[in-house]
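Report on the following structure.
The values are calculated or read from the model by the stated rules, or taken from the named source; none is laboratory data. None of the values given here were measured: they were computed from a predicted structure. Please note: Cβ atoms are built from the backbone with ideal geometry, for glycine as well, and neighbour counts cover all protein chains shown. These area figures cover heavy atoms from the full protein model, side chains too; ligands, DNA and RNA do not enter into them. Shrake-Rupley method; radii C 1.70, N 1.55, O 1.52, S 1.80 Å.
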Amino acid sequence: GWTSVCGDGEDGGGTCSRGASGGGAIQSPDKLVRTAPVRDNGEDGEEEEEEHLPAGQHLLIDIKNVDGNFLNSEPRLAKAMVDVVSESGLTLLSYHCHSLKPMGVSCVGVLLESHISFHTWPEEGVITLDVYTCGAKPLVPAMPLIKDKFAVPMEPITHDEIVEEPIVL
């Protein structure tokens, strides 16, 4: 059988690997150490390592010119996150959001497939999102949905004020 091992890679980025059963991971205080599964070659008794292949996708998204009231609203942001996860066909296991002082919100959602998180800077109109999944389901098709839910346009202060549209970087 095959098993998946997920954790932090040596470069600090999240990674998932898959390989033959028998491999595993040992958590040390400073990093995840992978143990390689082995396969008995049979005839000569020599063991051969199975190749570990990446099995995840990572999106890092910055959006600017977003409405500051939206970016400071924990309930609205949490709903946007839940909607993105649900409408993307992912599975949300739990989430936690925290309103910051004097302003801003940070949220993290634990997915069956891995995680989603974001941080906001309402006074600057900026949100950064981090979405990582283990598995073959592509994340790029979720980009229009992420833009739709999180790129809320700024409200003009006066009727003749021109505001810039949100931009996904």
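Tell me the carbon and sulfur percent of the accessible area for the range 68-169, rounded to whole percent, probe radius 1.4 Å. Write down the numbers at each step before the final one.
Numbers: 3450 of 5760 Å².
Its accessible area is 60 percent carbon and sulfur atoms.
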Probe 1.4 Å - accessible area at S86, Å² to nearest ten: 80
Proportion of all alpha-carbon pairs of the range 45-169 beyond 22 Å (%): 39
Spatial separation of Cα centroids for the range 90-117 and the range 143-160, in angstrom: 21
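Report the net charge of residues surrounding Q57, where surrounding means a beta-carbon distance below 10 angstrom and charges are Lys +1, Arg +1, Asp -1, Glu -1.
Computed value for this residue: 0.
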Amide H contacts of L111 (H built 1.01 Å from N, under 5 Å, at least 5 apart or other chain): L93, I116
